[in-house]
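Undergrad: Here's a structure for you.
Please treat every number below as a calculation from the coordinates, not as lab data. What you see is a predicted model, and the numbers here were worked out from it, not measured in a lab. Note that we place each Cβ from the backbone using ideal geometry, even for glycine, and neighbour counts take in every protein chain shown.
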Amino acid sequence: MSGAILHGLAGGLRVASVGLWVAFAARAQERPSEEELFSSPDAGQPQAPAAEAAREVERPPEGEDAQRLSGPAAQSRFDTAEEKADPLDVGGTLYLRAIATLRERDRLVDMPLAAPALVDAYFDARQSERVRGMLLARMRYDPTADAASASPFAEVPGIQLPPRRPNPSIDLDQLWIRFDVGRAAFLTVGKQHVRWGASRFWNPTDFLSPERKDPLAVFDPRLGANMLKLHVPWEAKGWNFYAIGLLDNSGPANRLGELGGAARAEVLFGQTEVGADAVVVAGRRPRYGFDCSSALGPLDVYGEVALRSGADFRLWRVSGEIDPNSPLTAAFEQYSPEGVLALASGGATFTFNYTEQHAATVGAEYYFNPAGAGSPLLYPWLIYQGQLQPFHAGRHYLGVYAAAIGLPGGLDEVGLTLSNIGNLSDFSFVSRLDAFVRALSYLNVEGYAALHYGNRGGELRFGLDLPAADFGAFQLPAVFVPSPIFELGAGLRVSL
């Protein structure tokens, strides 16, 4: 019965668990792509300096999923002089994984097993250097998932279950046309990716993405948003200006009054880039963001802050004390903070040579989230309400990592990354070691091991052992959610 309880009550937690299973922190400032990791035939593109980290890209750069999962089409060459004899490029990526998790009280044979597969396929049409069209679809499939089972809590009043995803499922990730006006302004119309912010793990100013990202994800599975983007560069100064019309807000904008708008400016002063942006949507309060990235001696430093009205957030508090043995029976009250909340993240990276031919990068980042829960005892209630946001549940976070790309002893096609994420509000942590190898020129082989530690019941080592609770209209049976201890994973990836 505990398995059914976990599936029903902790539906929101599944996202966090899977995110941790496939999680690893990557790259300096913007993690080196696997094309750079393994010296593929497409490598050789110089990595952007820290001052350029805040600039928007065609696809979100987390884990450089554009290059790994979407093939060369995700690397925008619209503004280059490249011309191809064949104006239509067709391709994609096939990505297979296997993940096993050891939880408390589990026997070896009881360890959960998942085998999520992902396929990206794209059509990239470039009739000339001034016109480009893109279609990118994504299919997800897990043969270990039981698509026929239904949660026993589907009819229980008050429980907010996540929508069931078909298995397999197909989503439209990108569908856009891009062209220029007099070679001075560039228009992109349709479903596309736009990422704002300078930080690597947490981006509180990433207003245009429909979902919050998993800061440790190997790739960013979030889909694009429908918008019209106008980009006007000032090449002499190295500045960029953007105006955006939004069609995806709290829901599809099917009336003129529901359209939203956004604007962003990026200015460059020497080695320092500063960005400022604003978003206005009908029915929601304006949001403002500022970010900065620069070189400070041997360090690359960056930071960003989002200013949002407290009325945008629906938080929970308890009248009196919470019983740790029965947290769901407390008297919960929903409220919105007064005034303006400032969500901020920032950090620094340092790259050094540990041999004459090999370099390593270390980095750290802090995230302050005033909208997070004040106590981990609130987590069961947030799960019950479907409001637990993975990696945003607490108020204080710290992420650190070290990465070495190419190892001594002729292991130039091997990469290692050691990542650590900590929720400082509840003192729970996850550490993960990843290894990547390029084999047979085009086959990427990867593996990882991850350890959860810290306070049991914290976000990153979440577990529950609760007695039955009486809610008047219904009774919730006893709940046992085993906390994760250790994970092992492996993956294969090949371009199509």
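Undergrad: Extension gain Q127-H358, at 0.36 nm per residue separation less the Cα-Cα distance, in nm?
TA: On the way: separation 231, 0.36 × 231 = 83.16 nm, distance 4.16 nm.
Extra length available between Q127 and H358 comes to 79.0 nm.
Undergrad: Subtracting the Cα-Cα distance from 0.36 nm times the residue separation, let me have the gained length for L113 to W234 in nm, one decimal. Intermediate results must be reported in sequence, preceding the final value.
TA: Numbers: separation 121, 0.36 × 121 = 43.56 nm, distance 5.17 nm.
So the extension gain works out to 38.4 nm.
Undergrad: Please work out the FRET efficiency for the pair D412 and D146, using the Cβ-Cβ distance as r and a Förster radius of 45 Å; give the result to the nearest 0.05.
TA: The pair D412/D146 has a calculated efficiency of 0.55.
Undergrad: Let me ask you something else. May I ask you to order 453-465, 252-264, 283-295 by the average number of other C-beta atoms within 10 Å around their residues, highest value first? If you can, show how the numbers build up before the last one.
TA: Working: 453-465: 20.8, 252-264: 14.4, 283-295: 18.0.
The densest-packed peptide leads the list: 453-465, 283-295, 252-264.
Undergrad: Here is a further query. Fully extended, how many nm does the chain gain between D323 and V90 (0.36 nm per residue separation, minus their Cα-Cα distance)? Don't skip to the answer; put the middle values down first.
TA: Details: separation 233, 0.36 × 233 = 83.88 nm, distance 5.78 nm.
Length difference between fully extended and current span is 78.1 nm.
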